[in-house]
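One structure is given here, and the rest of the page talks about it.
The values are calculated or read from the model by the stated rules, or taken from the named source; none is laboratory data. Not measured: the values here are computed from a predicted model. Cβ placement follows ideal geometry from the backbone for every residue including glycine, while neighbour counts extend to all protein chains displayed. Ligands, DNA and RNA are stripped out before the accessible areas are found, and what is left, the full protein with its side chains, is counted by its heavy atoms. Shrake-Rupley method; radii C 1.70, N 1.55, O 1.52, S 1.80 Å.
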Amino acid sequence: MEPENVLEVFKTVQKKSLISRTEIAKITKLSPSTVGRCTQRLLEKNFFVEKRVGKSSGGRPPILLDINRENGFSIGVEVGESHIDAVLLNLVNEMKDSNSKRLSNHLSPNALADDIKNMIDELVNKAHISQEDIISVGVGLPGIVSADQKRLLLSPNLKWKDVDMARLLEGKLNKPVFLDNGANLMTFAEYHYNKLSSNAMVLGIIVGRGIGTGLVVKESIFRGVNGAALEAGHSVIKTDGPLCSCGRRGCAEALASLPRLIESYNQQSKGKKIDNVRELNELFLKKDKLAVELINEEAFYLSVLSANLANIFNPSHIIIGGEISPILPLMIKTIKTSFLDQVLTTNRCELLTSQLNEKSIAYGAAIMAIEKEIEGYI
């Protein structure tokens, strides 16, 4: 019994509830014996429930399978630049509850693990469920994660290097914990939330303190050889542009990250200062000339990055999100128009904005954690 077979059977029932084993075999093209072994394992783990509601052909009604919506949950956590978000999902990816907390500066890994544990305890208590009902925990981090999704290899934002974060959390939570990069998880979340086809190729661009990119290919996150794929924020889109933290000039991150956008406004305005993107949004709505100019410029840079990525990967969808979400509605029309001017006609694709906004990374982390745990049920 292969791990991918167990996951495929789970996803099939997740998409089409009240389904027979025979139907699963037809849809997945797996043998009836393989489907039988996979479903038995998922029943033992309480992921599936059996219901006798199928139509009878003369004898007893057939036994149909459904997802257990009441006793199995996953928790997703995003460790952001200034906050921690956590969400509680059931096994059909419905968000049952969420909470948020400000992130203290210069946290140690152990202190962060304690904060995450406390947030999870609060979520469980608030939802009136048992700790035993939590199957696994996913954590989105700003950095590069190891291929086994257990170690944080490098996080410039947190100033951490080679931290055994999953094991540290597992010791406090007594649950399986899996890590991933925030851009991967935002892309994964939006793929699921938008109910895109299993054949979709979805590229996500997350804009915040930096610019990250993720890619979902045929329902799976593409991570590269060691988890460091798609660092597109450091692709040069203007050769004579400003100096980037990586040492080169004109990177997307140096031109279109939120700190750069806010800094540009404060440098060019006459005495008027802003601290965040929401204030810039308010100025735009008041038709502040500089705010309009900078937001249009931001839209252009994001369209260039999107077109470059579309020409390289030929995705079916590009989804933009992150902390830039409050001003995306102001930019999306300009981004789309400029994108079409620059992308090859053969590589045009649907360009969307995030539907989950600030909860997208935590939502994706919860789904990722469930799938990783199921892959271990062999």
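Just the Cα atoms of segment 311-369, one point each, no solvent: what log10 I(q)/I(0) does Debye give at q = 0.20 Å⁻¹? The calculated log intensity ratios at q = 0.20 Å⁻¹ are -0.83.
Fully extending the segment from E375 to E350 would add 5.9 nm, taking 0.36 nm per residue of separation and subtracting the current Cα-Cα distance. Rolling a 1.4 Å probe over the protein chains gives F313 an accessible area of about 60 Å². Largest accessible area first, the listed residues D180, D341 line up as D341, D180 when surface is computed with a 1.4 Å probe on the assembled protein chains. Listed by chain and number, the lysines placed with their C-alpha closer than 28 angstrom to that of K270 are K238, K286, K287, K289; residues fewer than eight positions away on the same chain are left out. In degrees between 0 and 90, to the nearest 10, how far off the longest principal axis of the chain does helix 3-15 point, with axes built from Cα atoms? Rounded to the nearest ten degrees, it is 90.
Using a probe of 1.4 Å, the accessible surface attributed to T22 totals some 90 Å² when neighbouring protein chains are kept in position. When segment 208-336 is described by a simple charge dipole with +1 on each Lys and Arg Cβ and -1 on each Asp and Glu Cβ, the residue from I312, G212, Q268 located farthest towards its positive end is Q268. Normalising the average separation of contacting C-alpha pairs (under 8 angstrom, six or more residues apart) by the number of residues puts the relative contact order of the chain at 18 percent. Summed over qualifying helices (DSSP H, 4 residues or more, each -39500 (n - 2.57)) and divided by its residue number, the chain shows a 222 nm mean residue ellipticity of -13000 deg cm²/dmol.
Here segment 23-132 is treated as an ellipsoid with the same Cα gyration tensor; its semi-axes, largest first and in whole Å, are 40, 15, 11.
Residues whose amide H comes within less than 5 Å of that of S136, counting only those at least five positions distant or on another chain, are I75 (H built at 1.01 Å from N in the peptide plane).
Only the Cβ atoms of Lys and Arg (+1) and of Asp and Glu (-1) were treated as charged; on that basis the dipole of segment 228-347 about its Cα centre amounts to roughly 260 debye. Summarising the amide proton neighbourhood of L215: residues at separation of 5 or more, or on other chains, whose placed amide H is nearer than 5 Å comprise G204, F222. Counting only protein heavy atoms and a probe of 1.4 Å, the accessible surface of the chain is 49% carbon and sulfur.
Shown for segment 229-314 is the translational diffusion coefficient from the Stokes-Einstein equation, using the Kirkwood radius over Cα pairs, a temperature of 10 °C and a viscosity of 1.306 mPa s: 116 µm²/s.
For F48, nonlocal amide neighbours, meaning residues 5 or more places apart or on other chains whose placed amide H falls under 5 Å from its own, are L43, N68.
Solvent exposure of R167, expressed as accessible area, is near 120 Å², computed with a probe of 1.4 Å over the protein chains only. Helix 182-193 and the longest principal axis of the C-alpha atoms of the chain enclose an angle of approximately 60°. If we count GluC sites (Glu not before Pro) as exposed when they sit in a DSSP loop and have at most 13 other beta carbons within 10 Å, what is the longest stretch of the chain that avoids them all? So the longest stretch without any such site is 95-378. To the nearest 0.05, how large is the calculated FRET efficiency for A127 and R102 if R₀ is 25 Å and r is the Cβ-Cβ distance? Computed FRET efficiency for A127 and R102: 0.70. Ordered from highest to lowest accessible area with the whole protein assembly present and a 1.4 Å probe, R21, R102 read as R102, R21. Take the Cα of R249, step 7 Å toward its Cβ, do the same at K272, and the gap between the two points is 3.1 nm. Measuring between their Cα centroids, segment 280-317 and segment 207-250 lie 16 Å from each other. Taking every Cα-Cα distance in segment 136-213 and sorting them into 10 Å bins from zero, the calculated P(r) comes out as 18, 42, 31, 8 percent.
In sequence order, segment 273-281 has phi-based couplings of 10, 10, 10, 8, 5, 5, 5, 5, 4 Hz under the Karplus curve 6.51 cos²θ - 1.76 cosθ + 1.60, θ = phi - 60°, and Gly or Pro positions carry x.
Multiplying the residue separation of S220 and N194 by 0.36 nm and subtracting their alpha-carbon distance yields 7.8 nm.
Rounded to the nearest 10 degrees, the inclination of helix 289-313 to the longest alpha-carbon principal axis of the chain is 50 degrees. If you plug the beta carbon distance of R167 and S316 into 1/(1 + (r/R0)^6) with R0 = 41 Å, you get a FRET efficiency near 0.65.
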